[in-house]
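Colleague: Quick one: the structure is below, and I'll ask about it shortly.
The values are calculated or read from the model by the stated rules, or taken from the named source; none is laboratory data. This one's a predicted model, so the numbers in the text were calculated from it and none came from an experiment. Because the Cβ atoms are built from the backbone with ideal geometry, glycine has one as well, and the counts that use them run over all protein chains shown.
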Amino acid sequence: ETLPPSWCFVCVLCVLQRAKVKSIIRKKLQSYISSLIDALKDDLDIALAETGERIESMVVPVEQMIAKEKDDLEALSGEQADLDAMFQELGVKVSALEE
């Protein structure tokens with residue numbers, strides 16, 4: 001027994017309707033996923049920019065701290081040289097007094 005033509009037509013319409021619904025859902029999902037990806041890219045760009053700015057803001061104080069420590073070390077080295085010269089001079093005077 002075969003189906004009447006009207007049933008065949010209804011079956012074909014059902015198949016086409018399902019395909020149309022699947023296509024609509026697929027397009028909406030693709031659009032939604034695309035907008036999510038764009039938003040994530042924007043968030044990533046912002047996060048990278050902020051991270052770069054934070055790193056730059058930390059580098060400057062570290063460079064300044066290193067320069068200050070270097071200056072302090074040079075000053076201490078100069079003071080040490082002065083103290084060494086003074087003790088050497090005192091040693092010469094003491095040895096001169098002992099003679």
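Colleague: Any idea which of LEU90, LEU36, LEU3, LEU73 is on the phi < 0 side of the Ramachandran plot and outside any helix (DSSP H, G or I)?
Modeller: The conditions single out LEU3.
Colleague: From the list SER95, SER35, SER57, exactly one residue is at pLDDT 95 or above and polar (S, T, N, Q). Which is it?
Modeller: Exactly one of SER95, SER35, SER57 is at pLDDT 95 or above and polar (S, T, N, Q), namely SER35.
Colleague: Also, quick follow-up: Among the residues of segment 8-24, is any under 17 Å from the mean Cα position of the chain (by Cα), free of Cβ contacts under 8 Å to residues at least 60 places away in the same chain and assigned to a helix (DSSP H, G or I)?
Modeller: No, that holds for no residue.
Colleague: Hey, another quick one. Is it fair to say ASP82 is modelled with pLDDT under 95, out of contact with any Cys (no Cβ under 7 Å at 6 or more places or on another chain) and among the acidic types (Asp, Glu)?
Modeller: Considered against the rule, which asks whether it is modelled with pLDDT under 95, out of contact with any Cys (no Cβ under 7 Å at 6 or more places or on another chain) and among the acidic types (Asp, Glu), ASP82 comes out as yes.
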